[in-house]
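The structure appears below as structure tokens.
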């Protein structure tokens, strides 16, 4: 597992950043639930999901480089 090969500080930073992204997703989902026809909110939620995917890919690369 990546946690075992990464510096604990790096793991904390990665987890904190992922938590921020996940909170943005939750906030966006709640806002979109209140206004499901809002195209801006739908596009924003899509961008946040894309950001999460990109972040997870980068985290995986960091873990791979650390092995």
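Read-outs throughout are calculated quantities, based only on the coordinates presented, and are distinct from any laboratory measurement. None of the values given here were measured: they were computed from a predicted structure. Methodologically, a virtual Cβ is constructed for each residue, glycine included, from the backbone with ideal geometry; neighbour enumeration extends over all protein chains shown.
Helix-only estimate, please: 222 nm mean residue ellipticity of the chain, summing -39500 (n - 2.57) across DSSP H runs of length 4 or more and dividing by its residues, to the nearest 500.
Numbers: 3 runs with 58 residues, N = 67.
Calculated mean residue ellipticity at 222 nm is -29500 deg cm²/dmol.
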* Asked: Roughly what would the spin-label model give for residue 52 and residue 23, points 7 Å off Cα along C-beta, in nm?
  -> 1.5
* To do: Can you tell me the equivalent ellipsoid semi-axes for the chain? Use √(5λ) from the Cα gyration tensor, largest first, whole Å.
  => 31, 11, 6
* Spin-label point model (7 Å from Cα, Cβ direction): what's the residue 10 to residue 30 distance in nm? -> 3.4
* At what distance in nm do the modelled label points of residue 40 and residue 66 sit from each other, each positioned 7 Å from its Cα along Cα→Cβ? -> 3.9
